[in-house]
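Asker: Okay, handing you the structure first.
No lab work stands behind these numbers, since they all come straight from the coordinates. Here the structure is a predicted model, which means the values were calculated and not measured. All Cβ positions, even for glycine, are placed from backbone atoms using ideal geometry, and neighbour counts span all protein chains on display.
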């Protein structure tokens, strides 16, 4: 596994400077001669400016704002690298922008901000609102990521989303819905152990409860052991999520990891602690246990070790194992749906609808222990997500536009197909040179 990871790193180090980044800005309009600039720029451009001044909502009609989001980070928690700063975070944000475009047809601008103070960071993001139809927050350390997301969602009139929270939650819940189908256990009866109380774990817990999981049957384990205590104690330790955590552990079990896992039906781990789970831990669990080991690139337990210890369904964040729980299955389609109806926010209900769309799509293709979520190669799944998310936004009254399911499907299909055709055309024409040229 280490060899494969090192090969990818070596290739990335060679190709990134060859292409000098992964995304660019390209024209959308025809330019046959310099005379056309009189329409696209001065003097003709003054008229759409006047129209927008009189009706700010027309900015979605006369500019690309309706299909443009910002991918924003302060570089304080990048992948498994930690606080590497905004400059070093840029390759990740560019990569995210590439995924948005190719998988969801969404134009995304990577923006790395050199500001660690959460209030000043919030002020900068809010000031960007006139330029974008949505904001994707990325790789921001906790606990400030909770505070930043909460305030921006409340104070901005465009969708603000933290992929490490809501994105991880949507895809994880999709996987858990289908894993429960495989083992034949109702979600509301399952005992689930959450390892970690960070952004990914707590957001996943929130959406799991919305999906039907009984919070009293959930045990959360952090570095101090099982999370259990008075509300005041939880408030001191987890100021942004204490009410959620206080709803768990109905039997007020105390102890450590082994105690929590005894007779558990599932464990979901987002700990950034490779090897935390041992085979003997899996053997403590109930019959046909479900194991989601989300630490990346090295999971909390290797799938083969979990399987040998009795796990029925195992998922990781890696692409070289079955059941990859990858945010990239979520955010392109979710934002596609939110943008297509010009949603003002992305609600938890919209995230749950995306999770159900992912789960239903995988179910329709045939479930087994090694296929509980779709693959990123399944282009249609992003269209399904977009339609379901957009319809939920309309239902909840957070959409500026309304449309039928048929209309939404046509819009999402056209925009996602356009993105694929664009990159294929540029590759075929040589405007994007083949990777082999980097060896010359």
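Asker: Could you give the length gained by full extension between residue 235 and residue 128, i.e. 0.36 nm per residue of separation minus their alpha carbon distance, to one decimal place?
Answerer: Values: separation 107, 0.36 × 107 = 38.52 nm, distance 3.25 nm.
Between residue 235 and residue 128, full extension yields 35.3 nm more.
Asker: Measure nothing but the geometry: give the 0 to 90° angle between the long axis through the Cα atoms of 405-429 and the longest principal axis through the Cα atoms of the chain, rounded to 10°.
Answerer: On a 0 to 90 degree scale, this one is about 70.
Asker: Further question on the same structure: I'd like the orientation of helix 144-155 relative to the chain: the angle between its Cα long axis and the longest Cα principal axis, in ° from 0 to 90, rounded to 10.
Answerer: 50
Asker: Still on this model: Measure nothing but the geometry: give the 0 to 90° angle between the long axis through the Cα atoms of 379-396 and the longest principal axis through the Cα atoms of the chain, rounded to 10°.
Answerer: The answer is roughly 90 degrees.
Asker: Turning to a different aspect of this structure: Can you say what percent of the DSSP beta bridges in the chain, counting only those with both residues inside, are antiparallel? Round to 5. Working shown, then result.
Answerer: On the way: 5 of 35 bridges.
Roughly 15 percent of the beta bridges in the chain run antiparallel, per DSSP.
Asker: How much mean residue ellipticity at 222 nm does the chain get from its helices, if each DSSP H run of length 4 or more adds -39500 (n - 2.57) and you divide by all residues, to the nearest 500 deg cm²/dmol?
Answerer: One gets -14500 deg cm²/dmol as the mean residue ellipticity at 222 nm.
Asker: Using alpha-carbon pairs under 8 Å, 6+ residues apart, how would you state the relative contact order of the stretch 138-253 in percent?
Answerer: Numbers: 140 pairs, mean separation 27.5, N = 116.
It comes to 24 percent, rounded to a whole number.
Asker: Quick one: divide the alpha-carbon radius of gyration of the stretch 214-340 by 2.2 N^0.38 Å and tell me what you get. Don't skip to the end; give the middle numbers.
Answerer: Details: Rg = 16.2 Å, N = 127, 2.2 N^0.38 = 13.9 Å.
Ratio of Cα Rg to 2.2 N^0.38 Å: 1.17.
Asker: Can you grab the distance from the C-alpha centre of the stretch 1-75 to the C-alpha centre of the stretch 220-239, Å, no decimals?
Answerer: Cα centroid to Cα centroid, the span is 44 Å.
Asker: For the stretch 153-235, just say rounded, prolate or oblate: build the C-alpha gyration tensor, square-root its eigenvalues into a ≥ b ≥ c, call rounded for a/c under 1.5, and beyond that prolate if a/b exceeds b/c, oblate if not.
Answerer: Details: a/c = 2.03, a/b = 1.11, b/c = 1.83.
Oblate, because a/c is 1.5 or more while a/b does not exceed b/c.
Asker: Please identify which residues in the stretch 317-350 have an amide N closer than 12 Å to a label point set 7 Å out from the Cα of residue 395, following the Cα→Cβ vector.
Answerer: Answer for this model: 349-350.
Asker: Multiplying the sequence separation of residue 157 and residue 18 by 0.36 nm and subtracting their Cα-Cα distance, what value in nm do you get?
Answerer: Numbers: separation 139, 0.36 × 139 = 50.04 nm, distance 3.90 nm.
Computed gain between residue 157 and residue 18 is 46.1 nm.
Asker: What is the fewest-to-most order of 348, 340, 368 by other Cβ atoms lying within 10 Å of their Cβ? Write out the running numbers ahead of the final one.
Answerer: Working: 348 15, 340 24, 368 10.
In order of increasing Cβ crowding within 10 Å: 368, 348, 340.
Asker: Quick one: work out Rg over Rh on the C-alpha atoms of the chain, Rh as Kirkwood radius.
Answerer: Values: Rg = 22.5 Å, Rh = 22.9 Å.
Rg/Rh: 0.98.
Asker: Kindly list the residues of the stretch 293-322 that lie in the label zone of residue 9, defined by a backbone N under 11 Å from the point 7 Å along the Cα-to-C-beta vector.
Answerer: Output list for this probe position: 297.
Asker: Would you mind ranking 78, 31 so that the residue whose beta carbon has the fewest other beta carbons within 10 Å leads the list? Could you put the intermediate results ahead of the total?
Answerer: Numbers: 78 24, 31 11.
Taking fewest neighbouring Cβ atoms as first place, the list is 31, 78.
Asker: If you take every DSSP beta bridge whose two residues both sit in the stretch 1-138, what share of them, in percent to the nearest 5, is antiparallel? The partial results should precede the final answer.
Answerer: On the way: 1 of 11 bridges.
The antiparallel fraction comes to roughly 10 percent.
Asker: Sort 405-412, 424-431, 354-361 for me by packing, meaning the mean count of neighbouring Cβ atoms within 10 Å per residue, highest on top. Provide the component values of the computation, followed by the final result.
Answerer: Values: 405-412: 17.0, 424-431: 10.5, 354-361: 25.1.
Ranking, from highest mean packing down: 354-361, 405-412, 424-431.
Asker: Give me the extension gain from residue 39 to residue 431: residue separation times 0.36 nm, minus the current Cα-Cα distance, reported in nm with one decimal.
Answerer: Values: separation 392, 0.36 × 392 = 141.12 nm, distance 2.68 nm.
Taking residue 39 through residue 431 to full extension adds about 138.4 nm, to one decimal.
Asker: Could you tell me whether the stretch 328-429 comes out rounded, prolate or oblate from its Cα gyration tensor? Rule is a ≥ b ≥ c as square roots of the eigenvalues, rounded for a/c under 1.5, then prolate if a/b exceeds b/c, otherwise oblate. Mind showing how you got there, number by number?
Answerer: On the way: a/c = 2.12, a/b = 1.10, b/c = 1.93.
Verdict is oblate for the stretch 328-429.
Asker: Same structure again: Relative contact order, percent, of the stretch 22-158 when contacts are C-alpha pairs under 8 Å separated by at least 6 residues?
Answerer: Working: 166 pairs, mean separation 35.8, N = 137.
Answer for the stretch 22-158 is 26 percent.
Asker: Still on this structure: Using Cα pairs closer than 8 Å and at least 6 residues apart in sequence, work out the relative contact order for the chain, in percent. Intermediate values should be presented prior to the final figure.
Answerer: Working: 789 pairs, mean separation 62.2, N = 440.
Normalised by residue count, the contact order of the chain is 14 percent.
Asker: Okay, moving on. Rank the residues 189, 385 as a footprinting-exposure proxy: fewest other Cβ atoms within 10 Å of their Cβ go first. Show your work: numbers first, answer last.
Answerer: Working: 189 12, 385 32.
Fewest-to-most ranking of 189, 385: 189, 385.
Asker: Once a ≥ b ≥ c are taken as the square roots of the eigenvalues of the Cα gyration tensor of the stretch 1-159, is the result rounded (a/c under 1.5), prolate (a/b larger than b/c) or oblate (a/b not larger than b/c)? Kindly include the intermediate steps, with their values, before the conclusion.
Answerer: Numbers: a/c = 2.77, a/b = 1.37, b/c = 2.02.
It comes out oblate by the Cα gyration axes.
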